[in-house]
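Data first, discussion second: the structure below is written as structure tokens.
A short reminder: the numbers here are calculations on the coordinates, not readings from a lab. Worth saying up front: this structure is predicted, and the values here are computed from it rather than measured. Don't worry about glycine lacking a Cβ; one is built from the backbone with ideal geometry, like all the others, and counts go over all protein chains shown.
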Amino acid sequence: MNSFLIAANAVVPFICYMLYGYLFRRLGYGDDSFYKRLNQIVFKAFFPILMFNNLYTADIDIGANASLITVFTGVLIAIILLCVFVVPLCIKENPRRGVIIQSIWRSNTLMFAYPLCVSMYGDEWGALASLVIAVIVPVYNIGAVVIFTLFDRQNGSKTDVKKIGMNILTNPLIMGAIVGAVFKMAGWQLPKSISGPVASFANMTTPLCIFILGATLSIPDIGKNLKIIIATLSLKLVFVPGFIVVLMYILGYRGPELFIAFILYATPIAGASFPMAQNMGGDGELQGQLLAISTVASLFTIFFWIMGLTAIGIF
């Protein structure tokens, strides 16, 4: 039951943000164009600060855990490549391809993985989870940029390496992460008069993003995407986490390290996926539906995963 409460504490705030946005829109405040512009502002102005702050404040010691991080990163890249080859065989529309691919592996590790790991194993292993997240999140962002560029509806079947490279370097999330990493490695410290507002802007980003998601969420339209939603979230919350547990167990990982690998994939879709899809030619409506439903569904799937795997001695 403690695992259920931890998951609930992570999920319920997201539901509150979504409901507030949904109700605010239903009261007549703003239209589609307003929220689309607001989403662009969050993507370009707020997410870079969030990524900067995450890297700038991270307690990073990659050297001591280099082999573990290398394996985790390699597995993630392999899953991304597999999705890039398999999903287009089933989905024909380019805007949906990018959305589905990133939804299968891109998780909200920042809000979910760390508190779940601390709850299960304590602060020491929470620090390792933070280190893994600090490395994995930039891979998430780079992977998503590459995927949406590959399946840009104006790009067709051509692969423009130069365009992909430019999109990676100019993506607001990646730019923020690069600047944060530079500050961290150089040991540069922001004065408190600056670091305070930076932290405040970073803390605003996720609630504002999910508020916009709620405002633009069209519940009646979920029916037309129901088959895709069920298939995608079955992969995201059930089959991929299960595959990761089996794979990492075979590779010799146990206890907290295995749990960290598992929770990187079992948590709901990342909030950043919505503005990225909407601003990079993806199907923003489908992405918003996947994000919203995965957030609620994960409350139950995470609980049953942890309960079941703990009962058989895996965790």
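Quick notes on this structure:
- Simple point charges give the picture: +1 on the Cβ of Lys and Arg, -1 on the Cβ of Asp and Glu, and for the chain a dipole about the Cα centre of about 700 debye.
- Secondary-structure-derived ellipticity at 222 nm for the chain, considering helices only, amounts to -25000 deg cm²/dmol, per-run term -39500 (n - 2.57) for DSSP H runs with n ≥ 4.
- Membrane-span-like helices in the chain, defined purely by DSSP H runs whose alpha carbon atoms cover 24 Å or more axially and whose average Kyte-Doolittle hydropathy reaches 0.0, are 2-26, 66-90, 123-150, 192-216, 284-311.
- The Cα atoms of region 2-311 give a gyration tensor whose axes a ≥ b ≥ c have a/c under 1.5, which makes the shape rounded.
- Of Cys16, Cys117, Cys90, the one that fluctuates the most in a GNM where the chain has Cα springs shorter than 10 Å: Cys90
- Between Gly288, Gly21, Gly187, the residue with the greatest mean-square fluctuation in the GNM of the chain (Cα pairs under 10 Å linked by springs) is Gly187.
- Qualifying aspartates and glutamates (Cα of each under 13 Å from Cα of Lys163; at least 8 residues distant if same chain): Asp152
- Candidate cross-link partners of Lys224 among the lysines, defined by an alpha-carbon separation under 24 Å and a same-chain spacing of 8 or more, comprise Lys36, Lys92, Lys236.
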